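Inspection log for the structure reproduced underneath, given as structure tokens.
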Number of protein chains: 2
Amino acid sequence: MKFSIDATDDKSHARAGLITTDHGDIETPIFMPVGTAGTVKAVHQRELLDDIHAQIILGNTYHLFLRPGLDIIEKAGGLHKFNGWSKPILTDSGGYQVYSLAEKRKIAESGVKFQSHIDGTKYEFSPERVMDIQRIIGADIMMAFDECTPYPCDYKYAMDSMGLTHRWLDRCIRHFDNTEANYGFSQTLFPIVQGSTYQDLRQQSAEYIAGKGREGNAIGGLSVGEPVEEMYAMTELVCGILPQDKPRYLMGVGTPANILESIKLGVDMFDCVMPTRNARNGMLFTSDGIINIRNEKWKDDFSPIDSNMPGYVDNFYSKAYLRHLIIAKEILGAQIASIHNLSFYVWLVQAARNHIKKGDFSIWANQMIKKVTVRL
Amino acid sequence: MKFSIDATDDKSHARAGLITTDHGDIETPIFMPVGTAGTVKAVHQRELLDDIHAQIILGNTYHLFLRPGLDIIEKAGGLHKFNGWSKPILTDSGGYQVYSLAEKRKIAESGVKFQSHIDGTKYEFSPERVMDIQRIIGADIMMAFDECTPYPCDYKYAMDSMGLTHRWLDRCIRHFDNTEANYGFSQTLFPIVQGSTYQDLRQQSAEYIAGKGREGNAIGGLSVGEPVEEMYAMTELVCGILPQDKPRYLMGVGTPANILESIKLGVDMFDCVMPTRNARNGMLFTSDGIINIRNEKWKDDFSPIDSNMPGYVDNFYSKAYLRHLIIAKEILGAQIASIHNLSFYVWLVQAARNHIKKGDFSIWANQMIKKVTVRL
């Protein structure tokens with residue numbers, strides 16, 4: 001993996017960059033649609049390419065490990081072959097879902113024991129095991145096994161957890177460096193900064209992670225319920241320590257405004273389930289603001305979903321039709337809203353990139369933040 | 001509406017025809033995907049055109065009447081404008097759903113009182129009201145308001161019900177002929193033959209319906225649980241009486257084999273929820289036979305879903321991937337399987353048409369019936 005910076009903003013820490021992988025290039029800042037179980041929910045792979053213009057998608061290690069299972073993914077020749085997505089894939093470490101979804105989880109120095117939320121089967125994830133799993137899945141970008149602390153989290157727990165995350169990271173790196181990619185293309189490993197909302201812990205963690213000299217670095221444990229000001233403060237602090245010349249990935253963030261603010265702080269990569277999950281509930285992020293399509297006011301609004309956007313769903317379908325589909329719980333409603341929201345997110349980071357290159361990013365971003373937070 | 005016959009099969013009653021409407025041509029035999037609430041479930045409108053090659057879709061009057069409601073459809077300028085489908089639409093009369101879905105329905109000479117299955121609101125459908133509703137929806141082909149008898153049905157009930165259906169038909173025709181289309185394109189009205197599985201009643205009903213001289217005719221009350229031999233016997237009897245030079249529509253039928261057998265008997269038009277409903281449960285109709293994709297045997301079959309078919313989903317996605325999606329209840333599984341099944345149904349009737357024109361329909365149909373009934 002390579003990373004180069006094309007342009008930087010002089011009024012913020014925003015930068016426009018390019019990540020090169022064996023599955024193609026990723027222009028940053030980038031938003032990565034979440035493809036939980038090897039599918040971005042309600043979206044065809046050709047729609048990811050042609051309508052959403054996704055350059056990289058996520059897979060969730062926990063979900064893929066349980067279903068379809070590693071034997072199937074390995075026989076297929078990796079996730080790219082299994083789901084037909086030929087551009088880059090990033091997988092998380094599975095840790096987040098083990099803590100949020102799995103049952104009866106037990107964290108120890110060696111790793112985490114848990115039971116599947118699907119059928120109760122017992123499993124254990126360790127740093128080494130999670131590296132092996134991501135080798136089998138065949139992600140272009142693999143994530144280190146960490147503990148994502150909840151919010152609020154007392155200082156002692158956050159400090160001990162950060163220590164564990166760091167020790168696990170060393171085991172991940174050792175195992176990663178001693179194993180090879182399975183499918184003939186390169187994989188890289190991103191470590192994750194933790195430390196909850198404590199400045200000294202975040203600083204310590206960022207320094208530890210920076211010291212590992214990996215090809216990219218991630219910020220975890222944010223967007224878990226803390227006030228947005230704390231999220232930005234931690235992100236700013238960490239971005240100031242993580243190396244300039246490596247991409248920075250802020251995990252699980254966020255709203256369009258969160259993304260623009262974080263780009264200002266020097267973040268390059270984002271993922272979030274919000275555009276797809278909220279889409280299925282009828283919440284649309286548009287260039288004019290936020291629409292709850294279930295509201296009565298849209299019932300006879302036959303204008304396009306978002307005529308400022310160039311895509312098929314934005315111009316072909318009306319707000320009134322989409323409202324009807326969502327109210328009637330029709331699958332097509334989830335499909336249309338998901339494509340719209342993801343298109344908007346990818347358009348937004350691409351527009352940010354263009355404005356960074358053009359030199360007017362900060363002015364544009366501040367205007368845009370106002371627009372995208374309006375509730376229509 | 002116009003209907004012309006291009007070719008007939010000399011070993012059966014099959015015919016290849018062309019229906020002309022103000023929204024374009026329909027080559028018969030045709031299969032019409034069911035678009036219950038103004039959407040063919042899990043399928044984008046452009047996929048109906050480009051992948052499935054649908055020439056006409058159905059809308060369900062009962063569902064559309066309840067949601068989004070007539071006020072919205074009328075304000076949109078009719079269903080074509082509301083959902084963006086610019087080819088022909090056929091609507092049923094709403095009767096079937098009133099009997100199968102609505103609560104506390106009460107049938108009288110004047111019409112049917114019922115309560116919405118969604119919120120219990122009380123409504124009444126009469127022949128006149130149902131004509132008005134279909135005028136507002138703006139279907140190219142409207143259906144008469146009938147009573148669809150259940151199976152089994154005693155003779156007395158079937159006879160009385162048939163009488164009611166005929167009296168309602170006269171009221172439908174009177175009201176239809178005294179009203180005009182709302183949106184500047186022509187609408188036509190198909191009457192429906194009833195009579196359960198009683199030969200004399202079916203004959204009487206077919207003669208009554210034939211005598212009305214409408215532009216097309218439908219056969220209702222079949223595929224409701226009766227043995228398939230009885231369905232074919234009734235269809236054969238009725239097709240022998242309904243005029244040759246008008247399209248014949250066998251409502252709610254059926255499996256690929258049912259469709260081929262019924263084409264032999266002289267049926268021109270079909271609709272059925274089976275390809276979409278069964279798709280969502282993982283049942284695929286393919287050119288090699290029936291696949292239950294949930295079966296263990298497909299878990300590591302990475303071959304295309306149906307390489308005999310030309311479409312995107314058939315060749316892009318593998319059986320193993322589709323199985324994973326269906327097992328994991330992922331929306332994309334319903335999307336892929338629905339497109340596949342509908343493409344196959346439309347391909348099948350188009351192939352039937354080509355073989356009728358080519359002169360080898362009966363041989364081909366008999367071979368095909370064997371193939372499509374095999375369970376793989």
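The values are calculated or read from the model by the stated rules, or taken from the named source; none is laboratory data. Small disclaimer: the values here were computed from a predicted structure and weren't measured. Here the Cβ positions follow ideal geometry from the backbone for every residue, glycine too, while neighbour counts run over all protein chains shown. Please note that ligands, DNA and RNA were not included when accessible areas were found on the heavy atoms of the full protein model with its side chains. Shrake-Rupley method; radii C 1.70, N 1.55, O 1.52, S 1.80 Å.
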Using +1 at the C-beta of Lys and Arg and -1 at the C-beta of Asp and Glu, which of B:TYR183, B:SER223, B:ILE209 has the Cα lying farthest in the positive direction of the dipole of region B:168-240?
B:TYR183
So for chain B, averaging the separation of alpha carbon pairs under 8 Å that are six or more residues apart and normalising by length, what relative contact order in percent results?
19 percent
How many angstrom lie between the Cα centre of region A:220-238 and the Cα centre of region B:298-361?
47 Å
Which whole number gives the average, over all residues in B:178-185, of C-beta atoms from other chains lying within 10 Å of the residue C-beta?
0
Choice from B:PRO310, B:PRO191, B:PRO275 with maximal GNM fluctuation in chain B (Cα, 10 Å cutoff):
B:PRO310
Between copies, how far does the label point of B:HIS117 sit from its twins, in nm, shortest first, when each point is 7 Å from Cα along Cα→Cβ?
3.1
About its Cα centre, how strong a charge dipole does region A:185-312 have in debye, to the nearest 20, once Lys and Arg get +1 and Asp and Glu get -1 at the Cβ?
340 debye
Inter-centroid distance (Cα atoms) of region A:59-93 relative to region A:1-29, Å:
26 Å
Given labels modelled 7 Å from the Cα in the Cβ direction, how far is it in nm from A:ASP6 to A:GLU103?
4.9 nm
GNM of chain A, Cα pairs under 10 angstrom: of A:LYS75, A:LYS357, A:LYS156, the biggest fluctuation goes to A:LYS156
Taking a ≥ b ≥ c as the square roots of the eigenvalues of the Cα gyration tensor, with a/c under 1.5 meaning rounded and otherwise prolate when a/b exceeds b/c and oblate if not, region B:90-241 is oblate
If you take the charge dipole of the protein assembly as shown about its Cα centre, with +1 on Lys and Arg Cβ and -1 on Asp and Glu Cβ, which of A:TYR157, B:GLY289, B:ILE369 is farthest toward its positive end?
A:TYR157
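Work out the length of the dipole vector of chain B about its Cα centre, built from +1 on the beta-carbon of each Lys and Arg and -1 on the beta-carbon of each Asp and Glu, and round it to the nearest 20 debye. Walk me through the numbers before you get to the answer.
Values: 40 positive and 45 negative charges, 132 e Å.
Dipole size: approximately 640 debye.
Magnitude of the Cβ-charge dipole of region A:1-153, K/R +1 and D/E -1, about the Cα centre, nearest 20 debye? Provide the component values of the computation, followed by the final result.
On the way: 16 positive and 21 negative charges, 98 e Å.
Roughly 480 debye for region A:1-153.
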Nitroxide proxy distance, nm - points 7 Å out along Cα→Cβ at A:GLN244 and B:ASN308
6.4 nm
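Per residue, what volume in Å³ does the Cα convex hull of the protein assembly as shown take up?
On the way: hull volume 121.5 nm³, N = 752.
In the protein assembly as shown, the Cα hull volume divided by residue count equals 162 Å³.
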Below 21 Å, Cα to Cα, which lysines can A:LYS81 reach? Residues fewer than 8 away in the same chain don't count.
A:LYS41, B:LYS297, B:LYS299, B:LYS319, B:LYS329
Springs between alpha-carbon atoms under 10 Å, Gaussian network over chain A: tell me which of A:LYS106, A:LYS246, A:LYS264 tops the mean-square fluctuations.
A:LYS106
Taking a temperature of 10 °C and a viscosity of 1.306 mPa s, what whole-number D in µm²/s does Stokes-Einstein yield for region A:40-180 with Rh from Kirkwood over alpha carbon pairs?
99 µm²/s
List, shortest first and in nm to one decimal, how far the label point of A:LYS212 (7 Å from Cα along Cα→Cβ) is from its counterparts in the other copies.
7.4
So in chain B, what percent of DSSP beta bridges are antiparallel if you round to the nearest 5?
55 percent
Dipole of chain B, positive direction: furthest Cα of B:GLY333, B:LEU265, B:GLY35, with charges on the beta-carbon:
B:GLY333
In nm to one decimal, list the spacings between the B:ASP6 label point and its equivalents in the other copies, with label points set 7 Å along Cα to Cβ, shortest first.
5.0
Which residues qualify? For B:ILE219, with a placed amide H closer than 5 Å and at least 5 residues away or on another chain, they are B:VAL193, B:TYR249, B:LEU250, B:MET251
For peptide B:33-44, the mean count of other chain Cβ atoms within 10 Å per residue Cβ is 4
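On full extension of the chain, what length is gained from B:LYS357 through B:ASP71, given 0.36 nm per residue of separation minus the C-alpha to C-alpha distance? Walk me through the numbers before you get to the answer.
Details: separation 286, 0.36 × 286 = 102.96 nm, distance 4.47 nm.
Extra length available between B:LYS357 and B:ASP71 comes to 98.5 nm.
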Residues of region B:134-229: accessible area per residue with a 1.4 Å probe, Å²
38 Å²
Proximal lysines to B:LYS106, defined as alpha-carbon separation beneath 21 angstrom and excluding residues fewer than eight positions away on the same chain:
B:LYS122, B:LYS156
Students often forget the sequence filter, so: which aspartates and glutamates lie under 20 Å Cα-Cα from B:LYS358 once same-chain residues fewer than 8 apart are removed?
B:ASP6, B:ASP9, B:ASP10, B:GLU27, B:GLU261, B:ASP268
